[in-house]
Amino acid sequence: MTSSLTDREDLQIKSGSPSTRLTVADLEQLQGILSEVHLDYQLELVDGKIIIVGPSDLVSSEIGAEFGSLLRNWVKPRKLGRVFESSGGFILPNSNLTAPDVSFVVADRLKQSKRYFAELVPDLVVEIKSQSDRLKPLREKILSFIELGAKVGILIDPDKRTVTIYTRTAEPVVLRDGDMISIPELLPGWEVPVAELWPIEFE
């Protein structure tokens, strides 16, 4: 284990005993320690282990910002709910604490944000494949969210330029350039071209 983190490299902080499961309180303690030495890493708690998530690559970050902006521009004026970026943490029913790259919670489930993690499952979770990510763990993360109550999960793969939509009631749908992203289960009327997600090249 090195002291620096490469693109989206996940480092697990394990407890002394293999049978000991770490908690949100342990995560908050580590977060305080890192803050004191000016290390601004995102922490997640998965199956009793604290994971430090390194910075994302620029393409994935730009796609996340674009998707979040397109979603927020539709949601906010209609007061449909709240959109969160990759730092927004959720404490799930299985005690995991995790942060999707983009997430959405309908208004009546979160009428006011608070200065803490949300103790609920988002209605929409979006994961964006970074350069060093493997697709299988990202799929498993999305499916876990859906099993816990999320209505829709979206996996964006910049390498293949695909957007895969997961729901509880249907097989995954793979979208490509020329297709439109829509989420009728949550946001009737909202549509975004897949091609609009990819970063442009300036001349």
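The values are calculated or read from the model by the stated rules, or taken from the named source; none is laboratory data. Because the structure is a prediction, the values reported are computed rather than measured. No Cβ is skipped: glycine too gets one built from the backbone with ideal geometry, and neighbour counts run over all protein chains shown. Accessible surface areas use protein heavy atoms only, side chains included; no ligands, DNA or RNA. Shrake-Rupley method; radii C 1.70, N 1.55, O 1.52, S 1.80 Å.
Numerical summary
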{"read-out": "Cross-link reach list, lysines versus residue 49, counting only Cα pairs under 21 Å and skipping chain neighbours closer than eight places", "value": "14, 136, 141"}
{"read-out": "On Cα atoms only, tilt of 24-36 relative to the major axis of the chain in degrees", "value": "80 degrees"}
{"read-out": "Where N is the number of residues in region 29-169, Cα Rg divided by 2.2 N^0.38 Å", "value": "1.03"}
{"read-out": "Residue-averaged [θ]222 nm for the chain, counting only DSSP H segments that reach four residues, each worth -39500 (n - 2.57)", "value": "-8000 deg cm²/dmol"}
{"read-out": "Accessible surface of the chain [probe 1.4 Å, protein heavy atoms]: carbon and sulfur percent", "value": "51 percent"}
{"read-out": "At most 12 other Cβ within 10 Å, DSSP loop - trypsin sites (Lys or Arg not before Pro), region 66-129", "value": "79, 111, 114, 115"}
{"read-out": "0 to 90° range, to nearest 10: angle between helix 135-148 axis and the chain longest Cα axis", "value": "90 degrees"}
{"read-out": "Signed unit charges on C-beta, dipole axis of the chain, positive-most listed residue 156, 118, 32", "value": "118"}
{"read-out": "Student exercise, the chain dipole from Lys, Arg, Asp, Glu Cβ charges, in Debye to nearest 20", "value": "800 debye"}
